[in-house]
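Chemist: Below are the structure tokens for one structure; questions will follow.
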Amino acid sequence: MKDGTGKTALITGATSGIGYELARVFAQEGFDLVLVARSEEDLERCAREFRDEGARVSTLPVNLSIADAAEEIYAWTLSENVRVDILVNNAGQGEFSAFLDTDLGRHLEIIQVNLVSLTALSHLFGREMVARGDGRILQLASVVSKMPSPLLAVYGATKAYVHSLSHALANEWKGTGVTVTALLPGATDTGFFGNAGDAHWEEHRDGLADPAQVARDGYEALMAGKTSVVSGLANKARDALTHALPDDTLAEMMRKQNAPRVS
């Protein structure tokens, strides 16, 4: 039997990038899927694709930047009598810009998606999982979660929160039958960079990681019960630097990396 036979995975941000590839992996492993994203059209497109591969798929169009979005998702699972065995908090946003050059409302929207909704979903579904003694949560952190990230400051700060929260919950829930895994990818070939305002990202795609490989790394770590996984050899090397260099040095490195690219 496949890992997911008779089980359900709920995945946010499931219609593109790493979230889409994670949904594909879970479908291949026999899980039923609940796909969450903003666009109903994109959700139905993905649902048709995964159903053609034999998966049972439900879709839930919800904007995680809206207050109470997590409660809406949880209420839907209760009303539909859906037991979520695996929660994947993949949805995330960012903005390439100096902190003061970005509208405050945009900062707060990023915080709502990356931090508030993730925390609420982790609490709602985590409480249910711990009560029954079974479940897994995969949180999308980032290699920038361990270093300051000028010109991508709020995104980096939210990912630091995700990384810290994941490790704390993994410790709190030891012995309960529930595991929490933080997935730390580096720059990956998704729509993130274009959506975050990097006008030249298409010119640098050769150096980006394959989202399918990142998804597979995350899935395998999750199923092995690991607390965290850094995806990719280059990112593992970068991660090692975070233990060797002071934050000021790391911040300067990240500022140079995040600075607007010249064509």
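Chemist: Quick one: which residue in A170, A212, A234 is assigned to a helix (DSSP H, G or I) and at pLDDT 95 or above?
Modeler: Working: A212 fails: at pLDDT 95 or above; A234 fails: at pLDDT 95 or above.
The conditions single out A170.
Chemist: Surrounded by 15 or more Cβ atoms within 10 Å (Cβ to Cβ) and within 30 Å of D101 (Cβ to Cβ) - does that describe any residue in segment 239-248?
Modeler: Pass one, segment 239-248, residues surrounded by 15 or more Cβ atoms within 10 Å (Cβ to Cβ): 239.
Pick out the ones that are also within 30 Å of D101 (Cβ to Cβ) and you get 239.
Yes; the residues of segment 239-248 include at least one that is surrounded by 15 or more Cβ atoms within 10 Å (Cβ to Cβ) and within 30 Å of D101 (Cβ to Cβ).
Chemist: Still on this model: Which of the residues spanning segment 233-263 are without any contact (Cβ under 8 Å) to a residue 24 or more places away in the chain and in contact with a Phe, Trp or Tyr (Cβ under 9 Å, 6 or more places away or on another chain)?
Modeler: Hits for segment 233-263: nothing passes.
Chemist: Same structure again: If I ask for residues that are touching a strand residue (DSSP E or B) at 6+ places or on another chain (Cβ under 6 Å), part of a helix (DSSP H, G or I) and of a type outside the set (G, A, S), which ones from segment 23-45 would you list?
Modeler: F26, E40, L43
Chemist: For the condition under 16 Å from the mean Cα position of the chain (by Cα) and surrounded by fewer than 24 Cβ atoms within 10 Å (Cβ to Cβ), what is the one hit in A141, A98, A160?
Modeler: Details: A141 fails: surrounded by fewer than 24 Cβ atoms within 10 Å (Cβ to Cβ); A98 fails: under 16 Å from the mean Cα position of the chain (by Cα).
When all the criteria are applied, what remains is A160.
Chemist: Looking at segment 63-79, I want the residues that are without any contact (Cβ under 8 Å) to a residue 12 or more places away in the chain and have a partner that is among the β-branched types (V, I, T) with Cβ atoms under 8 Å, at least 6 apart or on another chain. Which pairs are those?
Modeler: The qualifying pairs are E72/V62.
The values are calculated or read from the model by the stated rules, or taken from the named source; none is laboratory data. Predicted, not measured: the structure shown is a model, and the values here were computed from it. As a convention, Cβ positions derive from the backbone with ideal geometry for all residues, glycine included, and neighbour counts pool all protein chains shown.
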